[in-house]
Amino acid sequence: MRPRNILFASVLCMLLCGPALIGLASWSGVALPSWLTADDAAYLSGGIVEADPAAYASLEGFSSGEFQIAAEDAVGNCIPMKAMALLANAALQRSAIEASNALFGWECYPAFYGSSIAEMPSRHRLLEIAEKATGDTLATASHIRDGLDALSLRHPEQRFFVYMGPDSMNIEGSPTAKLISNPLTYGELSSIFEDEDGHFQWIDGNVTFDEFADGWNSTDHHWNIQGAFRAYERMASALGFRDELLVPARLVTYDAPSFRGTFARRGLETRYVDQMTDYEFADFPQLSITIDGAEASMDSLVHWKNYQAANVGANAFTSRYAEYFHTDYGLITLENEESDSRQDLLIVADSYSNCMERFLAVHYRTTYVLDPRHDDETIDAFLAQHQDVSDVLFIMRSPNMLAQTTEHALEPEDMRE
């Protein structure tokens, strides 16, 4: 047998038997490098999926096709070097898309066939493809607006503010809006919430596309610290602290590790990267931190010591935003021991607040951060237990503002009984 035939047969055998060998090694407890297994693919679109063929090992499961799907998923989770395969396949599709785009000249195009992430080479960034302004979406926005209004009416002793952070799905001027019909824009959502007869104050977060490109990460749905700080200035001014705004001493940029965010993971794109940034302040007050009832520290909210010591995740697609700032928690309490204020603030937020809640905490005695996705408590119940709260501030981007978890948080407490 010729050497090339032996080599070809060996490679073919490895491809056919690879999943079985990887699965056998994993189930027997043999330690394998993450790049060889599917572990690295857990970060990526099309990576690891939950699969339990045994749960569907019945005639009903076989006839419905659920057993076959679970079996295919289980085998797929054992593909050798799955992350490399996913990235290589996406890159191949991207090459074909880029070649065809030479005829059409679109400013942006899908990162791979069927992807919800678009690539914008002229800006060296990735974007979510714009959302359609469907009747259901607009009705949900109106329903949430009504819930916020009713909540404000039930608590006339508190002030209520709402800030919806723009994102790449609805930012005005996004080129992805040209890829679909009837795109939903930030202005359209704002017009629903910005009701002159409402009993809460809408804080307009609209920015131009140039401002968005400067203030949001190019591979992730979160804003960078510059965009977050400008939003803090809008919020703090609306809350009445225009003359007491924080002034950064300097911008800190971490050259390493590179930041490949949610869009890079979902778009299977490695060419674009961000750097983590943060602000330093000359005289920042001491804050006492409690997270989900346990004592913590500022190091739990901003992991700058880990970054200075290069103590970071090894995978290139690690969620750096959560790694540097903090992951999502149900309830965070920030006590400002140096504050002369007797007012408390409740922030109802998603991960958009993770990098900036400390800024707002400077202006209050106590600041609470409640994430409805991780805490089932209603706002009514929280305010009943924390009667010193004077201001309530919602900070979310539209997918979470219009989510069922927010709707539940706005419900009157007697509806839960």
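Over the Cα atoms of segment 235-286, what Rg and Dmax result, in angstrom?
For segment 235-286, the Cα-based Rg and Dmax read 16.5, 45 Å.
Please identify every one of the trypsin sites (Lys or Arg not before Pro) in segment 268-356 that sits in a loop by DSSP and has no more than 15 other beta carbons within 10 Å of its own beta carbon. Walk me through the numbers before you get to the answer.
On the way: sites: R271, K305, R320, R342; in loops: R271, R342.
Within segment 268-356, the qualifying trypsin sites (Lys or Arg not before Pro) (loop, at most 15 other Cβ atoms within 10 Å) are R271, R342.
How large is ³J(HN,Hα) for each residue in segment 221-236, as worked out from phi by the Karplus curve 6.51 cos²θ - 1.76 cosθ + 1.60 (θ = phi - 60°), to whole Hz, x for Gly and Pro?
7, 7, 6, 7, 5, 5, x, 5, 5, 5, 5, 4, 4, 5, 5, 4
Over 18 Å apart: what share of the alpha carbon pairs of segment 207-263 falls there, rounded to a whole percent?
Working: 713 of 1596 pairs.
For segment 207-263, the share of Cα pairs beyond 18 Å comes to 45 percent.
Please compute the Kirkwood hydrodynamic radius of segment 264-405 from all pairs of different C-alpha atoms, in Å with one decimal.
Working: mean 1/r = 0.0606 Å⁻¹.
In segment 264-405 this quantity evaluates to 16.5 Å.
Tell me the carbon and sulfur percent of the accessible area for segment 175-299, rounded to whole percent, probe radius 1.4 Å.
Details: 2490 of 5760 Å².
Heavy-atom surface of segment 175-299 belonging to carbon and sulfur, 1.4 Å probe: 43 percent.
What does the charge dipole of segment 240-284 about its Cα centre add up to, to the nearest 20 debye, if the Cβ of each Lys and Arg holds +1 and the Cβ of each Asp and Glu holds -1?
Computed about the Cα centre, the dipole is about 420 debye.
For segment 86-166, run through the chymotrypsin sites (Phe, Trp or Tyr not before Pro) and keep only the ones in DSSP coil with at most 12 other Cβ atoms within 10 Å of their Cβ. Could you put the intermediate results ahead of the total?
Numbers: sites: F104, W106, F112, Y113, F160, F161, Y163; in loops: W106, F112, Y113.
Taking segment 86-166 and a limit of 12 other Cβ atoms within 10 Å, the loop chymotrypsin sites (Phe, Trp or Tyr not before Pro) found are Y113.
At 7 Å along Cα-to-Cβ for each site, give me the label-to-label distance between L59 and D197 in nm.
Simple spin-label model gives 6.2 nm for this pair.
Using only alpha-carbon positions, what ratio does the radius of gyration of segment 152-275 give when scaled by 2.2 N^0.38 Å? Present the calculation step by step, with values, prior to reporting the outcome.
On the way: Rg = 17.2 Å, N = 124, 2.2 N^0.38 = 13.7 Å.
Against the compact-globule rule of thumb, the ratio is 1.25.
Just for segment 149-282, what percent of DSSP beta bridges are antiparallel, to the closest 5?
Values: 6 of 9 bridges.
The antiparallel proportion sits near 65 percent.
Give me the one-decimal nm value for the distance between modelled label points at Q385 and E107, 7 Å along each residue's Cα-to-Cβ direction.
In this crude spin-label approximation the distance works out to 4.8 nm.
If you place +1 on the Cβ of every Lys and Arg and -1 on the Cβ of every Asp and Glu, how big does the dipole about the Cα centre of segment 156-203 come out, in debye to the nearest 20?
Working: 2 positive and 8 negative charges, 56 e Å.
Roughly 260 debye for segment 156-203.
The values are calculated or read from the model by the stated rules, or taken from the named source; none is laboratory data. Because the structure is a prediction, the values reported are computed rather than measured. Every residue, glycine among them, receives a Cβ derived from its backbone with ideal geometry; neighbour counts consider all protein chains shown. Note: areas computed on protein heavy atoms with side chains; ligands, DNA, RNA excluded. Shrake-Rupley method; radii C 1.70, N 1.55, O 1.52, S 1.80 Å.
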